[in-house]
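The values are calculated or read from the model by the stated rules, or taken from the named source; none is laboratory data. Everything numeric here is computed off the predicted structure, so don't read it as measured data. Cβ placement follows ideal geometry from the backbone for every residue including glycine, while neighbour counts extend to all protein chains displayed. Keep in mind that these areas ignore ligands, DNA and RNA; they rest on the heavy atoms of the full protein, side chains included. Shrake-Rupley method; radii C 1.70, N 1.55, O 1.52, S 1.80 Å.
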Amino acid sequence: MAEVQIDLEAEKKEILKRYRLLLKSCRRMMDKNDKVMIRKAFDLALEAHKDMRRKSGEPYIYHPIAVAQIAVSEIGLGPTSVVCALLHDVVEDTEISLEDIRIRFGQKVVKIIDGLTKISGVFDQTSSLQAENFRKMLLTLSDDVRVILIKLADRLHNMRTLESMRRDKQLKIASETLYLYAPLAHRLGLNSIKTELEDLGLKYTEPEIYQEINQKLINTQKERNRYINKFSLPIINSLTEAGMNFDIKGRSKSIKSIRDKMKKQGVPFEEIYDIFAIRLIIKCPLEQEKSECWRAYSIVTDFYHPNPDRLRDWISTPKANGYESLHTTVMGPDGKWVEVQIRTERMDEIAEKGYAAHWKYKSVTSETALDEWIEKIRELLENPETNAMDFLDDFKLNLFSDEIFVFTPKGELKTLPFNSTVLDLAYEIHTHVGNRCIAAKINNKLVALNHVLNSGDQVEILTSDRQKPIEEWLNFVVTAKAKSKIKEYLKIEKRQKSEEGREMLNKRLRQLKVTINNDNIEKLREFFGLPSVFDLHYKIAVGIIPIKSIKDAIDNDGAVKSKQPLKKAEQKTLEELVSNARGKSDMLVLGEDLNKIDYKISTCCNPIRGDDVFGFVTLNDGIQIHRVNCPRANELMSNYAYRVVKAKWTDQEKISFLTGIKVTGTDQVGIVNNITKIISNELNVNMRSISFDTNEGIFEGTIMVFVNDTNHLTDLMKKLKKVSGVIKVNRIDSN
Ligand code: MN
């Protein structure tokens, strides 16, 4: 390896240059004392980190300077935050103690540094947090909301410099950013930071898609500019004539939101019509803002016809995060819909930087104005009931994308499809782990194999050498890998069983003095009415065909009986089966003797415990259980009355039944979340799958769940009906 010569002199110069730029950015709000403190903080950080370098090879001090710079120029924080940003990694990574900081910088600074140190501690150790816990943690660890804002600045700089990290670290940090930090930035109204975090997150989690969209945006830039100019020209002329002071620009959607749209609508890049929006930024005094924006709206719509459904007035009623703007979609040249955003310079700055931009518009240079909006943020975070509700929704919406990410106890990240269970994860880790999986611990709580995982869960798989895959597992796993590995195991097991059955049969045939040859075995297969010799062997091994019953197929002289005439055989066997099924009480009791009676829940009406049911005896398929109101019930009862067996359920067995529920309602924010919350909070209800379709404000959800009986199901449906926005809840009769 060639030795890299580092020009220390040049580096020192560069450090000072960056520091001076930082000072320049906060000059406006700094007094003499602040300047002294910032210098002290810089000197201390420089000294403390002097032997440290970042993964990129750069001096470590670049990082705290950059974080401070972001805090000032992109979030709008003041001198105290600059001091804290400069010192944010000092206590964690160097010899300097919190006590040192207290002595030199006082109580306010030490509290913030303490919060920052604790937050990173939490992240490094557990690697995973539920959104709700994340919010709580932020609140408890940070008496001062500046902790959160500096943490965001820190994360933004780390994302900007993620290139030099290891791939697994990149993935973990990027996922965490998408899952926790970007929604947080959004909630705080830090729009440009949110957008950048999202795009950078995408760049590392889905590099191919990111590059593809990025390249296409570059390729179509010229064409887009031409169109924007064509669109803007008449508006510019008219606004100028009206004597307005303004700025007009075409802004592309973020890469992440283009990707989300492509995914959601299932269309390629080329078919997204609102790749860009026109932004009209008006300069005017505060008291004229509203009227000036509407005047501009009126001029725009003189040239282009607006879509009345797409008018959004966030000037009269600003969004909870402080966003103010007037949005309209108009029919532009060449028959293209174009979104136009009209706002004032002040509104624009707040939209991009959040409330932090406010202080600029109040003629105060101290930090008191800043304190005001910090207080405001605190209110937003502390109050999940009222308008801060979408903060939580934003977090939880992430849970409904089609992928989730979970962490192993070591903090390793695993991506799985939505609705994946503990068992899916186990197979994802290793086939051997999947095959022996018995349960898991999620955030230290014990959960079953079929427990559906949530994004952010930290999952420890528990295994046992005595465990082995069973057919039932196929009912709840969702990944192709888990399915194929379970099937593979069952196939091998079946083959082994079949081999055992072959030996059992041959032994028995020898006892009965029957010649063992293909011809006789084939006759036996036919006698028992099975599709293959393999099945014959298997059914003998597992006892479905008792070894004793082989004798029934053998004549006194040791020859295998030929198969009896079909009709007679069927009648006889059916009669037998029917009388077996009725038993002593003339009634088939379901769930009482699961092993003795071979019955199947029919898929045409999906009965569950508690439904009125009857049994229908079939020759090869055991007894089918149908609901009395099954669409096929009339046909079966009238044509094959002799094969119908009365049936009822016992309530002794604890078996789960898979059933479907259809939920219809108006499309409201958070509704999906409320529905799944009810289902997952219900005791013993396991969700197998959930899918939602929305059309013109109406959504229709199909939920497959495991329930114990009809009472259980009715109870669940009643609760779902109470969810605000839900109109109808139906049981699905067939699937
Ligand atoms: Mn840092």
Checklist entry - Share of the stretch 488-553's accessible area from carbon and sulfur, percent, 1.4 Å? => result 50 percent
Checklist entry - Of the GluC sites (Glu not before Pro) in the stretch 661-728, which ones lie in a loop per DSSP and count no more than 12 other C-beta atoms within 10 Å? => result 696
Item to check | 1.4 Å probe accessible area per residue over the stretch 280-338, in Å² | outcome: 51 Å²
Item to check | Which listed pairs, of 261/662; 108/290; 24/50; 216/414, have C-alpha distances above 28 Å, in listed order | outcome: 108/290; 216/414
Item to check | Accessible area, probe 1.4 Å, largest first, for residues 220, 177 | outcome: 220, 177
Checklist entry - Taking square-rooted eigenvalues a ≥ b ≥ c of the alpha carbon gyration tensor, is the stretch 215-360 rounded, prolate or oblate, where a/c under 1.5 means rounded and, failing that, a/b exceeding b/c means prolate? => result oblate
Checklist entry - Is the stretch 693-735 rounded, prolate or oblate when judged by the Cα gyration tensor, a ≥ b ≥ c being the square roots of its eigenvalues, rounded requiring a/c under 1.5 and prolate requiring a/b larger than b/c? => result oblate
Next on the checklist: Let me check against my output: what whole-number percent is the relative contact order of the stretch 657-732, with C-alpha pairs under 8 Å and at least 6 apart?
Outcome noted: 48 percent
Next on the checklist: Out of the total accessible area of the stretch 142-223 (probe 1.4 Å, heavy atoms of protein only), what percent is carbon and sulfur?
Outcome noted: 49 percent
Item to check | Average accessible area per residue (Å²) across the stretch 8-206 - probe 1.4 Å, nucleic acids and ligands excluded | outcome: 41 Å²
Checklist entry - Got the relative contact order for the stretch 488-553 handy, in percent, Cα pairs under 8 Å and 6 or more residues apart? => result 45 percent
Checklist outcome for this item: In order over the stretch 185-194: 3J(HN,Hα) from phi, Karplus 6.51/-1.76/1.60, θ = phi - 60°, whole Hz, x for each Gly or Pro, gives 4, 4, 4, 7, x, 8, 5, 5, 5, 4
Checklist entry - Which of the peptides 462-469, 21-28 is most tightly packed, and how do the rest follow, going by the mean number of other Cβ atoms within 10 Å of each residue? => result 21-28, 462-469
Checklist entry - How much of the accessible area of the stretch 1-66, in percent, comes from carbon and sulfur atoms when a 1.4 Å probe is used? => result 54 percent
Checklist outcome for this item: the stretch 488-553 accessible area per residue, 1.4 Å probe, protein heavy atoms, integer Å², reads 62 Å²
Checklist entry - Of the peptides 145-154, 721-730, how do they stack up when ordered by the mean number of other Cβ atoms within 10 Å, highest first? => result 145-154, 721-730
Checklist outcome for this item: Taking 517-527, 88-98 and ranking on average Cβ neighbours within 10 Å, highest first, one gets 88-98, 517-527
